[in-house]
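Note sheet for the following structure.
Here, each number is a calculation from the coordinates, and none is a lab measurement. Note that the structure is predicted; figures quoted are calculated from it, not measured. Cβ sites come from the backbone with ideal geometry, for glycine too, and all protein chains shown count toward neighbours.
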Amino acid sequence: MPLLTESQGNNEQYVLVACLDNAHNLSNILKAIAFKDHALVTATPNGLKVTVENSKCLQANAFIQAEIFQEFTIKEDMVGLKINLTVLLDCLSIFGGSTVPGVSPALRLCYRGYGYPLTLFLEEGGVVTICKINTQEPEEPIDFEFCSSNVTNKVILLSESLKEAFSELDMTSEVLQITMSPSQPYFRLSTFGNAGSAHYDYSKDSDMMELFHCTTTQNNRYKMALLKPSTKALALSCKVSVRTDSRGVLSLQYLVRNDDGQICFVEYYCCPDEEVDDD
């Protein structure tokens, strides 16, 4: 493919070059966190991390490992920039959606460094389109200080099960209450909407439960408006890790397998709206 076999001499001017033979794989992952216009992009030798935040209460991160790219070259330990995510997604879909199975534009993403635009070369059927997107100085993302040593409860569920739960709960509720406990009800999702209270329980031995590790009983409520964007990631994923720390901060980590069978991760952090008394 000409775009991916472009002369390496052209790379000298860039601090970051990343090539994909299927741009839709990147587009799909980014759509899972596109609930705000702007995103922080951090590149390291391990790959790309794209971060979107809302009101200092919600953060979403998409992780695209370097191994997923056909070429991934970075000349610095870390490259950071702020970009309009909506514009980036528009550029990635410039050849239209993936209406034809197996057909997707190839992507060459290049960045010369601070003050320069992010340049995309997209090729499909021999036609190359060049997009240049203005970049801004990156801000420091919120540090939720969510570390594994502070995790009190963790479950891993099959995504299909969580989709089913959301279809049965009352999404008119302003909050989603999550109960995690070493004893019954083990793992419970509750809503309080127009139709009254609704609960969806999981046994720790459920076939839908891949891992159950709860050390203490926690009841926390999270604003539904903050959690709804994460359903985009849920729709793409095959597994979901649900974790809470001692403060009740929620981590939802989605394992997403792309069209080529490669794995990416999307993670959401959400602050609790309020802690409720144990029943």
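Summary of computed values
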read-out	value
The stretch 2-136: C-alpha gyration tensor shape, a/c 1.5 cut-off, then a/b vs b/c	oblate
Whole-Å semi-axes of the stretch 148-275's equivalent ellipsoid (Cα gyration tensor)	21, 18, 15
Placed amide H near residue 175: partners under 5 Å, 5+ positions off or other chain	192, 224
Full-extension gain in nm, residue 76 to residue 246, via 0.36 nm per residue minus C-alpha separation	57.6 nm
Cα Rg, Dmax, the chain, angstrom units	20.5, 66
Sum of side-chain charges, residue 214 neighbourhood, beta-carbon under 11 Å (Lys, Arg +1; Asp, Glu -1)	+3
Packing-based exposure ordering (other Cβ within 10 Å, fewest first) of 74, 33	74, 33
Filter on 56/239; 154/228; 36/228 - keep pairs with C-alpha separation over 23 Å	56/239
Gained length - residue 38 relative to residue 116, 0.36 nm times residue gap less alpha-carbon distance	26.4 nm
Distance between the stretch 38-70 and the stretch 85-160 - C-alpha centres, whole angstrom	8
In degrees, nearest ten, helix 159-168 long axis to first principal axis of the chain (Cα)	60
Placed amide H near residue 273: partners under 5 Å, 5+ positions off or other chain	221, 222, 223
Estimated distance in nm for a label pair at residue 259 and residue 167, the labels positioned 7 Å out from Cα along Cα-to-Cβ	2.5
Helical contribution to [θ] at 222 nm, DSSP H n ≥ 4, -39,500 (n - 2.57), averaged over the chain, rounded to 500	-3500 deg cm²/dmol
